[in-house]
1. Can you pull out every residue in segment 15-34 that is modelled with pLDDT of 80 or more, open to solvent by 80 Å² or more (accessible area, probe 1.4 Å) and in a loop (DSSP other than H, G, I, E, B)?
2. Do we find that CYS37 is touching a His at 6+ places or on another chain (Cβ under 8 Å) and at pLDDT 80 or above in this structure?
3. Return the residues of segment 40-50 that are of a type outside the set (A, V, I, L, M, F, W, C), modelled with pLDDT of 80 or more and assigned to a loop (DSSP other than H, G, I, E, B); say none if nothing qualifies.
Amino acid sequence: MASGDFSVHTDECDRFDDGMPISDLPDEVTTIDDLDCECWSAFDSLDEIE
């Protein structure tokens, strides 16, 4: 990710339940490893998300 201040979370994320999660991932996200938060651990790949 380009900025340490920006992160993407699932709609059900417990850590950032008052944040603004998005369902369309930014272009910078190319693999599941680009998503830092544990809320993405339920997914094995980006194919499951999109």
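1. Once the filter is applied, which keeps residues that are modelled with pLDDT of 80 or more, open to solvent by 80 Å² or more (accessible area, probe 1.4 Å) and in a loop (DSSP other than H, G, I, E, B), segment 15-34 yields ASP27, GLU28, THR30.
2. yes
3. Of everything in segment 40-50, those that are of a type outside the set (A, V, I, L, M, F, W, C), modelled with pLDDT of 80 or more and assigned to a loop (DSSP other than H, G, I, E, B) turn out to be SER41, ASP44, SER45.
The values are calculated or read from the model by the stated rules, or taken from the named source; none is laboratory data. Computed from a prediction, not measured in an experiment: that's the story for all the values here. As a convention, Cβ positions derive from the backbone with ideal geometry for all residues, glycine included, and neighbour counts pool all protein chains shown. Calculation scope for accessible area: heavy atoms of the full protein, side chains included, ligands and nucleic acids excluded. Shrake-Rupley method; radii C 1.70, N 1.55, O 1.52, S 1.80 Å.
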